[in-house]
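Accompanying notes for the structure given below.
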Amino acid sequence: MTGRRPEAEPHLDLERTEFDVLIVGSGFGGGTVAYALSRAGLKVLLVERGGWPARDDKDWNGRAILLDGRYRGETPIGVRQSGAAAEVDTYPNAVVGGNSIFFGGAALRLRATDFARWPITYADLEPHYAQAESLLEVHGRAGDDPCEPPRSGDYPYAPAPLSAPARRIAEAARALGMHPFHIPIAINHAGPREPRCINCFTCDGFPCRIGAKNDVTQTALAKADPANLAVVARVLATRVVERDGRIVALEAINLDSRDSGRRLTLRARLFVLSGGAIGSPALMLRSGLAARDASGTLGRYLMRHCNAMMGYLFPFRTNPEHVNHKQICITDGYESVREADGTALGVIQDMCMPPREVVRALGPRGFRWAAAVSAERIQTLLCIAEDEPQADNAVTLSAERKDAFDLAVANVRHEYTEADTRRRDALVRTARRVLRRAGGLVGKKRLIDSFSHAVGTARMGATPETGALSPECRFWAYPNLFVVDGSFMPTSGGVNPSLTITANAFRVAAQIRQDFGALTLAPSSSPVGKLPA
Ligand SMILES: Cc1cc2nc3c(=O)[nH]c(=O)nc-3n(C[C@H](O)[C@H](O)[C@H](O)COP(=O)(O)OP(=O)(O)OC[C@H]3O[C@@H](n4cnc5c(N)ncnc54)[C@H](O)[C@@H]3O)c2cc1C
Ligand code: SF4
């Protein structure tokens, strides 16, 4: 059984209906705003370029999901990274629920210190972190994490017992004087809904075939008010349209096979972009909004954490029962570089080995065959280091290339600083110690170059000169345009981003609900540049 789908009624004439709020993108940001505003009584339309997750056997098939790209979208992004001279095309997934469908469920809060360069504080977000943990039904235990920020309450559910591979990591870390703890996790082990998690081996990176992962379709969209929310899949937003100082419409293309290619003009009183930290700036740049961004930051300061997987070969099968063991987190040393670098160090998390066929195709170069043959004897840890915001790491539009929909292709350029890789390598050294202590014999590091943790490309700033968005995540130039995906984050912090994106979306939704009348007034009387306090 899977969650209810708040799909638009087939007879709903999208172009003739004026919605209160139109949201682009159905990930943690967009899904949460849809949940909160539909329940507040506003009429919400959410458009998403991907289709609904299939939830069939192929969703747990390594080849189908990770190699053949079952959910790959139609639009490429050209990525230039790691000193390469030219862009290489990749095709991000497109699906209702966004990356929540594939996420590993880790649901951590940033620490108060992570907000030093933000225009808001941890205290501003704390109540919304609690809302996010409740919406995503996070399982965790307050007080376990040695550098946990202050919390107004406990987690909604207690964590599931540790599996044998996770226990092995926890015991080794403890023997080395560290303080490993249960990763707070958005997976349904003890929540009220069915089905519960069966601890399969294909979780991180895969849709949950049975719907036990607390992704956006199973939480925010399933719990939204169906009378006030219409979700329309397979609609690609192409441009927001401005008139007289406010956004009045969204132009889009219907990708649904029944009506494929039809151009749509959708109207609403207020617009919320949540196309992800690459999708939203691309849409805003295609709409000409760079010219209205006094900070010059739109599309810039792309971050994605500086990540690596450390794998060790053991003299025994590390996970003979093939269970999901993404259960242990290590935050010791999180603050150790704060003074020198101005950032967090980051965290280490337990992680399952990908299926054998995926290791064979994507394992460390020169070791693929050996790693695939010995996959059952390998155990891995994921190292997530904070990376610095840098203006040159950016999403831009290609001047030459158009995609299948005649839209300028988004190019992504990204390089790490020497300090980013130093922080990652420090975490890798700790991961090595833990794995060796656990009984590992010989190890190999694999760098991660995906944009799965992309954030930062429409950063908040205290003034229009310092960020494309106001502290309320409103695009400064327009009273009725907000951005709520990971783009808003001024720094990446040292933990996985989803819970922060969800908490912030609750914060923004509360502001929109409170000021809806003022935000949607005609421009002459609307408070451009200064929201009501
Ligand atoms: C394999 C994997 C594992 C992860 N594990 C974790 C984890 O354990 N914990 C954690 O905190 N984070 C994890 N992450 C990261 C996390 O999933 C993302 O940070 C988060 O989902 C981003 O949410 P978002 O709302 O910013 O955007 P997204 O999830 O990227 O959603 C954007 C949506 O907008 C749609 N869209 C984009 N452009 C358009 C357009 N023009 N028109 C219509 N629709 C559009 C996209 O199709 C997409 O559905 C993981 C990510 C991956 C890939
Ligand atoms: S581990 Fe649980 S939540 Fe994850 S895919 Fe398997 S059944 Fe679903």
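Look at L381 and say whether it is in a strand (DSSP E or B) and open to solvent by 30 Å² or more (accessible area, probe 1.4 Å). Give the derivation first.
Working: in a strand (DSSP E or B): yes; open to solvent by 30 Å² or more (accessible area, probe 1.4 Å): no.
For L381, the condition - in a strand (DSSP E or B) and open to solvent by 30 Å² or more (accessible area, probe 1.4 Å) - is not met.
Taking segment 234-244 as the search range and keeping residues that are in contact (Cβ under 8 Å) with a residue 60 or more places away in the chain and open to solvent by 20 Å² or more (accessible area, probe 1.4 Å), which one is nearest to ligand 1 (Cβ to nearest atom)? So, considering only residues that are in contact (Cβ under 8 Å) with a residue 60 or more places away in the chain and open to solvent by 20 Å² or more (accessible area, probe 1.4 Å), the one nearest to ligand 1 (Cβ to nearest atom) is R234.
Note on segment 498-529: among residues that are of a type in the set (G, A, S) and at pLDDT below 80, the one that is farthest from ligand 2 (Cβ to nearest atom) is S524. Between a residue in segment 66-81 that is of a type in the set (D, E) and any residue that is surrounded by fewer than 19 Cβ atoms within 10 Å (Cβ to Cβ) and outside any strand (DSSP E or B), which pairs come within a Cβ distance under 8 Å, given they are 6 or more apart or on different chains? Listed by first residue and then by second, the contacts come to E74/Y91; E74/D403; E74/A404; E74/F405.
Within segment 202-220, residues that are farther than 18 Å from K326 by Cα have Cβ atoms under 6 Å from residues that are within 8 Å of ligand 2 (Cβ to nearest atom) and modelled with pLDDT of 95 or more in these pairs: Q218/G211, counting only partners at least 6 apart in sequence or on another chain. No other residue among P471, P532, P464, P479 is more than 16 Å from ligand 1 (Cβ to nearest atom), modelled with pLDDT under 95 and part of a loop (DSSP other than H, G, I, E, B) apart from P532.
The rows are residues; the columns are (1) within 30 Å of R292 (Cα to Cα); (2) touching a Gly at 6+ places or on another chain (Cβ under 8 Å); (3) away from ligand 2 (no atom under 13 Å from the Cβ); (4) basic (K, R).
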position: E194; (1), (2), (3), (4): no, no, no, no
position: T202; (1), (2), (3), (4): no, yes, no, no
position: G211; (1), (2), (3), (4): no, yes, no, no
position: V231; (1), (2), (3), (4): yes, no, yes, no
position: V235; (1), (2), (3), (4): yes, no, yes, no
position: V241; (1), (2), (3), (4): yes, no, yes, no
position: R246; (1), (2), (3), (4): yes, no, yes, yes
position: E251; (1), (2), (3), (4): yes, no, yes, no
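For I253, the test of being more than 30 Å from G275 (Cβ to Cβ), β-branched (V, I, T) and open to solvent by less than 10 Å² (accessible area, probe 1.4 Å) is failed. Among residues of segment 305-331 that are more than 19 Å from G363 (Cβ to Cβ), those with a Cβ under 8 angstrom from a residue that is of a type in the set (F, W, Y) and within 16 Å of ligand 2 (Cβ to nearest atom), sequence gap 6+ or separate chain, pair up as V323/F201; N324/F201.
For segment 63-75, indicate whether the set of residues that are touching an Asp or Glu at 6+ places or on another chain (Cβ under 6 Å), within 16 Å of ligand 2 (Cβ to nearest atom) and outside any helix (DSSP H, G or I) is non-empty.
Restricting attention to segment 63-75, the residues satisfying the condition of being touching an Asp or Glu at 6+ places or on another chain (Cβ under 6 Å) are 63, 75.
Filter once more, keeping what is within 16 Å of ligand 2 (Cβ to nearest atom): none.
No, segment 63-75 contains no residue that is touching an Asp or Glu at 6+ places or on another chain (Cβ under 6 Å), within 16 Å of ligand 2 (Cβ to nearest atom) and outside any helix (DSSP H, G or I).
The set of residues from segment 342-363 being open to solvent by 30 Å² or more (accessible area, probe 1.4 Å), more than 16 Å from ligand 2 (Cβ to nearest atom) and on the phi < 0 side of the Ramachandran plot comprises R356, E357, R360, A361, L362. Within segment 203-215, the presence of at least one residue that is open to solvent by 30 Å² or more (accessible area, probe 1.4 Å), under 24 Å from P161 (Cβ atoms) and within 15 Å of ligand 1 (Cβ to nearest atom) is confirmed.
Of all residues in segment 489-507, those satisfying the criterion of being within 14 Å of ligand 1 (Cβ to nearest atom), over 19 Å from L22 (Cα atoms) and of a type in the set (S, T, Y) are S492, S498, T500. Cβ-Cβ distances below 8 Å connect the following pairs, each with a first residue in segment 385-414 that is under 30 Å from D332 (Cβ atoms) and part of a strand (DSSP E or B), a second residue that is of a type in the set (V, I, T) and open to solvent by less than 20 Å² (accessible area, probe 1.4 Å), and a separation of six or more residues or different chains: H414/V79. Of the numbered criteria (1) more than 16 Å from ligand 1 (Cβ to nearest atom); (2) open to solvent by less than 40 Å² (accessible area, probe 1.4 Å), the one G486 fails is (1).
Can you spot a residue in segment 290-303 that is open to solvent by less than 20 Å² (accessible area, probe 1.4 Å), in contact with a helix residue (DSSP H, G or I) (Cβ under 7 Å, 6 or more places away or on another chain) and either within 10 Å of ligand 1 (Cβ to nearest atom) or aromatic (F, W, Y) (or both)? Among the residues of segment 290-303, not one is open to solvent by less than 20 Å² (accessible area, probe 1.4 Å), in contact with a helix residue (DSSP H, G or I) (Cβ under 7 Å, 6 or more places away or on another chain) and either within 10 Å of ligand 1 (Cβ to nearest atom) or aromatic (F, W, Y) (or both), which makes the answer no.
Mind checking which residues of segment 420-445 are out of contact with any Phe, Trp or Tyr (no Cβ under 6 Å at 6 or more places or on another chain) and crowded, with 18+ Cβ neighbours inside 10 Å? Write out each step before concluding.
Filtering segment 420-445 for residues out of contact with any Phe, Trp or Tyr (no Cβ under 6 Å at 6 or more places or on another chain) gives 420-434, 436-438, 441-442, 445.
Listed by number, the residues that qualify are D420, R423, R424, L427, V428, T430, A431, V434, A438.
Of everything in segment 82-117 that's of a type in the set (A, V, I, L, M) and open to solvent by 10 Å² or more (accessible area, probe 1.4 Å), which residue is farthest from ligand 1 (Cβ to nearest atom)? Before the answer, list the steps.
Pass one, segment 82-117, residues of a type in the set (A, V, I, L, M): 84-86, 88, 94-96, 101, 106-108, 110, 112, 116.
Those still in the list that are open to solvent by 10 Å² or more (accessible area, probe 1.4 Å) too: 84-86, 88, 94, 112, 116.
Values: A84: 21, A85: 27, A86: 24, V88: 18, A94: 4, A112: 19, A116: 21 Å.
Ranking the qualifying residues of segment 82-117, first place goes to A85.
The values are calculated or read from the model by the stated rules, or taken from the named source; none is laboratory data. No experiment lies behind these values; they were computed from the predicted model shown. Note that we place each Cβ from the backbone using ideal geometry, even for glycine, and neighbour counts take in every protein chain shown. Note: accessible area is taken over every heavy atom of the protein model, side chains too, but ligands, DNA and RNA are not part of it. Shrake-Rupley method; radii C 1.70, N 1.55, O 1.52, S 1.80 Å.
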